[in-house]
Amino acid sequence: MSTIEKVKESVVLAEDLDFHHEIILFNDDVNTFDHVIDTLIRVCDHTPIQAEQCAILVHYTGKCGVKTGDFDELKPLCSALLDAGLSAEIQ
């Protein structure tokens, strides 16, 4: 006589339901480095060094992610960047 054993497994699925988005800043031929740096410090709460690095990346690569988070948190920040004359979008 044989014994049949049933094993019950519990599987836990870890889902990242918190969708993160990113503000992408794009290069343009209008704004100065100082304006971009000052705006990133004011709007995105960057340190001066962080803002300068982002400005350099934007200048040489054409774009740079400057802030990540939830869409609702990023929307007013992106609007403030646009109001300051910068080219940005949320992805």
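Taken together, the values in this text are just the output of simple stated rules run on the coordinates, not laboratory data. Just so we're clear, the structure is a prediction, and the values are computed from it rather than from any experiment. We place every Cβ from the backbone using ideal geometry, glycine too, and count neighbours over all the protein chains shown.
When the alpha carbon gyration tensor of region 21-84 is reduced to an equivalent ellipsoid, its three semi-axes come out at 17, 12, 11 angstrom, largest first.
Label-to-label distance, ARG42 versus ILE90, with points set 7 angstrom from Cα along the beta-carbon direction: 2.1 nm. Region 26-50 and region 62-86 have Cα centres lying 11 Å from one another.
Net charge in the neighbourhood of ALA84 (other residues with Cβ under 13 Å of its Cβ; Lys, Arg +1, Asp, Glu -1) is -3. Per-residue 3J(HN,Hα) values for region 33-41, derived from phi via the Karplus relation 6.51 cos²θ - 1.76 cosθ + 1.60 with θ = phi - 60°, read 4, 4, 5, 4, 4, 4, 5, 5, 5 Hz in sequence order (x marks Gly and Pro). Here each label is just a point 7 Å from Cα along the line to Cβ, and for ASP34 and LYS63 those points are 2.9 nm apart.
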